[in-house]
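In what follows, a structure is listed as structure tokens, so that the remarks can point back to it.
What follows is calculated from the coordinates using simple rules that are stated; it is not laboratory data. Every value quoted in this text rests on a predicted model; they were computed, and no experiment measured them. Please note: Cβ atoms are built from the backbone with ideal geometry, for glycine as well, and neighbour counts cover all protein chains shown.
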């Protein structure tokens, strides 16, 4: 009965949307509608079969394990929380997460907003969930990121201009740091690496390779950083292995508190501000936003332009 109603509905739409076919007899329209419905069902069944072959739980854990390699507990917690919120919503709606469509992704975002989460919290959860689906999309041809292009995200608040240590302040940090921390500071301030990329860093010749935020990155090793790694008796193959991002950030934070208290720094900079200093210096030297995009490993130039604006620089 339901199938017959669907056929009649499709036949009616064919007559409305295709004027050239409107003159067909009702029986002919229904015959054509049956073919359309059958093909649609075949496509749906094929997609369901493709999705059924994906071990969602295993893929989810694999993604989280990869995220945890950065050593950042905050990043891992953000990803896990976002996925748990999405799975709870899907369970309530009676669907499997892997069946998520763009329309359902919008509904999930709206439910998060309605639950009273702050715009920043909802933004973070959507971004984390989207990262997982982008990762899935790269691994499975039948998957598309349902969060891409959504207009349901909360409006972003205007960001304050971020702190950027001057070249002189970076030099002070380098001079006052113990050898291992100095090597890390130089890789971040002169190579533009995130602190999360250091634990997986590997140096071969004059090139470095690492994984950050789930993406492979590489670049030229700054000569001063290479010398600092050698002077600290760290192996070039894996200089910061065994040192988590949290541990490096904590050492840096203690150094900054000490130097700020002594009046040697204008602000209590975070470890990520070294990357800010790298971005500012590189853009001022090249005025090439695409060059900065590549050096920072951003997803696209729009991200870099927003990043530069947050640092008080208008990308050209």
Region 88-156 - Kirkwood radius from inverse mean 1/r over Cα pairs (Å): 12.4
Peptide ranges 110-118, 277-285, 184-192, 167-175 listed from the most packed, as the mean C-beta count within 10 angstrom indicates: 184-192, 277-285, 167-175, 110-118
